[in-house]
Amino acid sequence: MRRPIIAGNWKMYKTISEALEFVRLFKPLVVASTHCEIVIAPVFTSIKAVSDRLEGSNVAVAAQDVAPEPGPGAFTGEVSASMVKDAGARWAIIGHSERRQFFSETDESVSMKTRVALGEGLLPIVCVGERLEDRDAGRAESVVEAQLAGGMRNLTASEASRIIVAYEPVWAIGTGRTATPETAQQMHSFIRSRIRAMFGDSVGESIRVLYGGSVKPDNIAALMDQADIDGALVGGASLEAESFAQIVNYKERR
Ligand code: PEP
């Protein structure tokens, strides 16, 4: 049984006081939600305040990135995995497509960050996903396969078993254009088969693969019905407590 994960990626939104106001509204809405793990990823500057406010609750905190070097060291502007852990994060999003697109993130840096995060005992959510031109050219699977092989290279099966993969087709992020549940399921099943080939059947079966790309309260249930979709990484719809709680509580709303 793979326990579902619903994770919210706040990107570069919310000041500390806005983040705490979200927490105030959100916590009671999900207090009884035991069917899944709930994670929110605020900006670095809010991790400590949000983590403190969520202590003892069923909501965990993720960093949106970590430095590729364990540090400490002379890396101006970087924040290390140990520092986000010290601030209260237990998870880390790595290789989000916006980092790949705007900040030159590569499979090599994803691999370094994943190793550093694992070394600190964080749970890495490693993002993969093809661009529209890749899909249109019939390259969706080969692009995702290369991202998985590059981002997870040199890991042992035991390390790989602690990773969460997020499949986020770039053409579906922030566009309102969600992959159909069937299209997403096809890629999730492909991802699981690649993980099986790389790390063995047991890791392939147990690894959790999240879907991300315009997940909303009205499409989450159909996505979660798919055999290989184990949760969601949510951007825009995680910014508002009510809509993110509706996504978390997709089961009760059926
Ligand atoms: C994301 O940022 O990971 C994402 C999936 O965004 P959105 O839900 O807004 O498409």
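Per-structure values
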{"quantity": "GNM flexibility winner over the chain from 109, 97, 17 (Cα, springs under 10 Å)", "calculated": "17"}
{"quantity": "For peptides 223-233, 60-70, 31-41, sequence by mean Cβ density within 10 Å, most packed first", "calculated": "60-70, 223-233, 31-41"}
{"quantity": "For region 81-104 versus region 175-250, the gap between their alpha-carbon centres in whole angstrom", "calculated": "19 Å"}
{"quantity": "Gain upon complete extension [residue 58, residue 101; 0.36 nm per residue less C-alpha separation]", "calculated": "12.2 nm"}
{"quantity": "Partners for residue 251 among lysines (Cα-Cα distance below 27 Å; same-chain residues under 8 apart left out)", "calculated": "11, 27, 216"}
{"quantity": "Kyte-Doolittle at least -1.0, axis length at least 20 Å by Cα - qualifying DSSP helices, the chain", "calculated": "16-30, 181-199"}
{"quantity": "Theoretical ellipticity at 222 nm over the chain - DSSP helices of four or more residues, -39500 (n - 2.57) apiece, nearest 500", "calculated": "-12000 deg cm²/dmol"}
{"quantity": "At most 14 other Cβ within 10 Å, DSSP loop - chymotrypsin sites (Phe, Trp or Tyr not before Pro), region 81-153", "calculated": "103"}
{"quantity": "Where the chain is the region considered: accessible area per residue in Å², 1.4 Å probe", "calculated": "44 Å²"}
{"quantity": "Rel. contact order, % - alpha carbon contacts under 8 angstrom, at least six apart, region 130-254", "calculated": "24 percent"}
{"quantity": "Computed lengthening from residue 206 to residue 193, 0.36 nm per intervening residue step minus Cα-Cα distance", "calculated": "3.5 nm"}
{"quantity": "Within the accessible area of the chain (1.4 Å probe), percent carbon and sulfur", "calculated": "52 percent"}
{"quantity": "Loop GluC sites (Glu not before Pro), region 174-252, which have at most 10 other Cβ atoms in a 10 Å radius of their Cβ (DSSP)", "calculated": "252"}
{"quantity": "HN-Hα J in Hz across region 153-169 - Karplus 6.51, -1.76, 1.60, θ = phi - 60°, x for Gly and Pro", "calculated": "6, 6, 8, 7, 4, 5, 5, 4, 5, 8, 8, 10, 9, 10, 8, 10, x"}
{"quantity": "Distance (nanometres) between label positions extended 7 Å along Cα→Cβ at residue 221 and residue 25", "calculated": "2.3 nm"}
{"quantity": "Percentage relative contact order, the chain, counting C-alpha pairs under 8 Å, at least six apart", "calculated": "21 percent"}
{"quantity": "FRET efficiency, 1/(1 + (r/R0)^6) with R0 25 Å, evaluated for residue 69 and residue 161 via beta carbons", "calculated": "0.55"}
{"quantity": "Pairwise label distance in nanometres, residue 242 with residue 154, each label 7 Å out on the Cα-Cβ vector", "calculated": "4.9 nm"}
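The values are calculated or read from the model by the stated rules, or taken from the named source; none is laboratory data. Model, not experiment: these values are computed from the prediction. Cβ: placed from backbone, ideal geometry, glycine included. Neighbour counts: every protein chain shown. Side chains included, ligands, DNA and RNA excluded: accessible areas come from the protein's heavy atoms. Shrake-Rupley method; radii C 1.70, N 1.55, O 1.52, S 1.80 Å.
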